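Here is the structure we will look at, set down as structure tokens.
The values are calculated or read from the model by the stated rules, or taken from the named source; none is laboratory data. Because the structure is a prediction, the values reported are computed rather than measured. Here the Cβ is made from the backbone with ideal geometry for all residues, glycine too, and neighbour counts use every protein chain on show. With ligands, DNA and RNA removed, areas are computed over all heavy atoms of the protein, side chains included. Shrake-Rupley method; radii C 1.70, N 1.55, O 1.52, S 1.80 Å.
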Amino acid sequence: MTWNLSIDKIIGTSTTSAAQWTVQGNHIAYTVSNGIVVATIDDESLLHKVTQQRFFCANNSLKPSPPVLGSDCILEPEEVCKDSFGYPKGGDPIIIHNREEDDFSGGSFDPNTPTPMGMGGTLATTSPSKFKKSRNISSLALSPNGRLLAVGESGHQPRILIYSLAPELDLTPIMQVFEHSFGIQHLQFSPDLKLLVSLGVVSDGFINVWKIGSSFISLLSLNKCTSLVNQIVWKNPLSFVTLGLRFIKIWHVEGNKVLKGRNVILGPLVNSNFVSGQAIDIEEIAVITSENQLVLLNTADTNLKYIDYNLKDPVSITGDSSSIWILSKDGTINHTPIDLLQISDEIPKPGLIKQSSSPLKMDSMKAHPDTIQEIINIVDLNNDYLVYLTGSKGIKLFNKNDKTVSNLTIPVIPNLAGLDQIEGGLKIMALAVSGEVKLINIENDDLQITDVFCFSQFIGNPSGIAFISDNELALGDKEGNLCFFKSISGSEYSLSQQFKAHSSAINEIVHLNVDGTSVIVSIGRDRMIQAFSKITDEWDLLQTLNLHNGNLTHLEVDRKYSRIYVGSLDRSLSVHSIVKNLEGEITVKLDKVISLRTAPIAVKLTDQDVIVSTNDRTLQIYNNKTCEYKRTLKLFNEKDSLLIEEMLVLDQQIIVSSSDRSVRVFNYSLGRPILTLWGQLDLRLFKGGEKSILGLNSEGCMIRYTFETQAIDEPIVATKVTRKIVPPVRKLTNSSISSSSDISNGSINLLPAESSSKKATPNSSPRLTGATIKRLEARGISPSSLVGSSSVGLGSTSRPSSRSSSPMKPSLNSQLSSASLKSPIKDKPILRSPGKSSIISLSPVFGDSRRMSSPSRTPISTSTIEVKSSSSIRTSRQATSSPCRPGSRGICINKPQIPVSRYLEVLDKIIESLGRGEIGDEDIPLFTLKIDHIKTIIDIYDTDGSDVEANNGKTAIKDSTQLLEDYSEKLMLMVKRKLDDLSFGPD
């Protein structure tokens, strides 16, 4: 299935200054989030509403600049695709790179030094740095013919972006200029469309004039300008004026590299702040000051003339050749024809302004009382309308004829403080910082916004809202107060109850209904969870929970299971159920505390999952019903993982708002990226109509997206399955013991047949470590005497494998096996039981020169004795150099050197295990077999016969139980005597 997401409608603006919006003809450009909206007004009808919106935003990736070619290289001309306005379309933008520091010093250029800025339209030779984030928009400009849009950015290495406004939908900039540092404060096109002036911020300190063509942009002139400038006014195609704090300067573009300018003598207005200006003819500009003065500037003789006019806090001036309109901060619009202005050559000092005889006052409008600057800027739209920008980020139309005001675009809720989704998410109750509450119906594509009430008289600094019923609301503030309001008549509300719920700010509050009982839950910075219930007609404190050690930042409610999720900066997420017991009492029960690796950024509930976005740029997904961990999802952009701030799951896709100022769509199962929309910042996402998604940011702007899905045949991609396979421990039986005897390698093999089938690699000269040689020398034993002596191994020269990684508790046999494998004594042999998987470690009995070598080393080839499962021992002869000894009960001997101490060590181990009670009844037959075998070996080589009973010429085998009881020091001394004798019977 393919997805297509596009912006359908934008309500509200993010504009806070006069430089962030511009008007030309029937086009209005303004900032929204991190992009620009160019709205077209229908001026032919009487409605004057927005008929079209286009959103522009440059993403944070740049294509590599074209290669640098030598002067002798000639490029063949390529056919360039152009739009209906004649500008390039669909190709790489024209890029002008940064100027070097030495290009301009002391206000003059070296004409013999070439500049890297592409004079005459050539491209620069150095590549600009790549950006990790898109920039904030600081200034806008529309060309007088409405065909070009210029955008200035702020921040490190800002850009000037030039867009074509042709009807063809191409949102790629046609030109990019990397010339200023720290930010662009103002942009302004010349009246003849040939020039563009750009002014950097005070830290940048440069003013540049650019020459623009259909396929090139080049720097024409520049100079330093470090004054604080409020506005740039073009008076003719080759001259413009900058107005600022104690500063008026006239600039002339003469084609030189150095832009020439001349300061205006201010006289008594030397300390004035020149706020705004409007050109009324080719030579004169009307200017207003912050000291309530209106002056007329003649650019020919640079003289200022005072106009006798009654002003109060003017902020902007506009007009045409016949009249001027002055907008005051309090919303008053003053209008007068130019021919009625009373001009005086004498400029009074500030504070001594004469009162005008009869100023024309047209209308008065008031913005919201919380705004510092209620009116920011005004522009003459056409003969019938003025358009102005308010301090609440709204754009309004003023009808010159009937003096009425209409909204062109205003934020849904200015400065969002809190919201609550009601009626299954079909409506949103939004709360502003000013205390204003609005109800937004998002069910239909035509958004319906209704004013509810303004609670500013009851509560200050609101921080959260919860919808209880149609006539009751709950609000929380930053002082920890929880207030309940009831509707008394229509849109009028009164305060019914108030609690000091928290000792510091309330972060969020939610409402849910538990078996007919209303419950309000609030969280705050004091790390407390407070629950209130409504009994009869009064609210009362239900329960206080103090579980977390950090600020509580997220509160989500699952009304299906009557459950709340609380996220905290202590890297945990607590899950609580609100239930009613048999007595009818409501209680808050802790279900689970989920520990997170890092602090949660966002929490989102779906029908099946709980999605937690954490600070380590991952999405932790849990089961919504059982709260069990399911999986981890990590989403990536072009280079790095994303920090997810908001998410919405829809049709097996997850739509996220990330910290890189983008909205992205990913496959929810695989995390595969689908598409990206740039310029979206700090959005709360909601499901709108049938094919729409809504995004509401903290500035009150609402963006409506439309999505389309199309089913396609995609191959089924199998996800990676994580497995942990533990090798099974094989349980051996007596029948699995091999019947073959390897006499040639001189080892006793008690392992299973499949293990004994692996032949050991013979080694005629075993190696001794340095530590072993030192121990032998300390005991008076020569290491060289051990070379060639017989030793017995276990049929395998490889080092034992590591213990199992199984999480199950080890058994006795596995504990013995682990202990023997970890033994630091390298010469300790290992004996495997035929009927068990345990490994019995054999401790040495005698500390003489016949000590056995390590089993990990290759043993010297001696005789092999292999035991079968039955009590009888059969003979298997592999070495034919010596025949079987008569009366030896099937034991074949190759050499007369048998390490009997090995078998005595087995007996020692059995006795110790019996004393500790570690051997069960099922192990008795196994050890009986081993005891019989050892007793047989001892009886065969007992030449004296002191402890051996003969029966009919054959060696008798003592009872295994009696042997364990009679095993004493005498038997050990007897065996010691046998070992000292190197001859054990005839050859």
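Assorted remarks:
- Taking Cα centre as origin and charging only the Cβ of basic (Lys, Arg, +1) and acidic (Asp, Glu, -1) residues, the dipole magnitude of segment 551-685 rounds to 240 debye.
- Over segment 206-273, relative contact order from alpha-carbon pairs under 8 Å, at least 6 apart, %: 24
- With a 1.4 Å probe rolled over the protein heavy atoms of all chains, the accessible area of Phe458, Phe247 falls in the order Phe458, Phe247, largest first.
- For segment 395-489, the set of GluC sites (Glu not before Pro) satisfying both a DSSP loop assignment and a count of at most 11 other C-beta atoms within 10 Å is given as Glu423.
- Its residue count N sets the reference 2.2 N^0.38 Å, and the alpha-carbon radius of gyration of segment 386-454 equals 1.30 times that reference.
- Accessible surface, segment 581-653, averaged per residue in Å² (probe 1.4 Å): 53
- Using θ = phi - 60° and Karplus 6.51 cos²θ - 1.76 cosθ + 1.60, couplings along segment 31-37 (whole Hz; Gly, Pro as x): 8, 9, 6, 10, x, 10, 10
- Other-chain or far-sequence residues with amide H under 5 Å of Asn551's (modelled H): Leu569, Asp570
- From phi via Karplus (6.51, -1.76, 1.60), per-residue ³J(HN,Hα) for segment 577-583 in Hz, x at Gly/Pro: 10, 10, 10, 10, 7, 5, 7
- Met528 sits with roughly 50 Å² accessible to a 1.4 Å probe, with DNA, RNA and ligands left out of the calculation.
- Entries in Lys604/Lys634; Lys305/Lys329; Lys194/Lys257 that, when Cα-Cα distance is taken, lie over 20 Å: Lys305/Lys329
- Interchain or long-range residues, amide H under 5 Å from Cys225's placed H: Phe206, Ile207
- Database remark: amide H of Ser139 closer than 5 angstrom to the amide H of Gly152 (H placed geometrically; neighbours at sequence offset of 5 or more, or on other chains; Pro and chain starts carry no H).
- Largest-first ordering by accessible area, 1.4 Å probe, given options Phe484, Phe85, Phe182: Phe182, Phe85, Phe484
- Note, ³J(HN,Hα) from phi for segment 554-566, Karplus 6.51, -1.76, 1.60, rounded to Hz, x at Gly and Pro: 9, 9, 10, 10, 10, 6, 5, 9, 6, 9, 10, 10, 10
- Calculated accessible area for segment 180-242 comes out at 32 Å² per residue, all protein chains present (probe 1.4 Å; ligands, DNA, RNA ignored).
- Prolate/oblate/rounded label for segment 464-543 (Cα gyration tensor, a/c 1.5): oblate
- Over segment 520-559, Cα pairs under 8 Å with separation of 6+ residues give a relative contact order of 40 percent.
- Accessible surface of Lys89 - all protein chains present, 1.4 Å probe, nearest 10 Å²: 70
- Lys49 accessible area, 1.4 Å probe, all protein chains in place, Å² to nearest 10: 130
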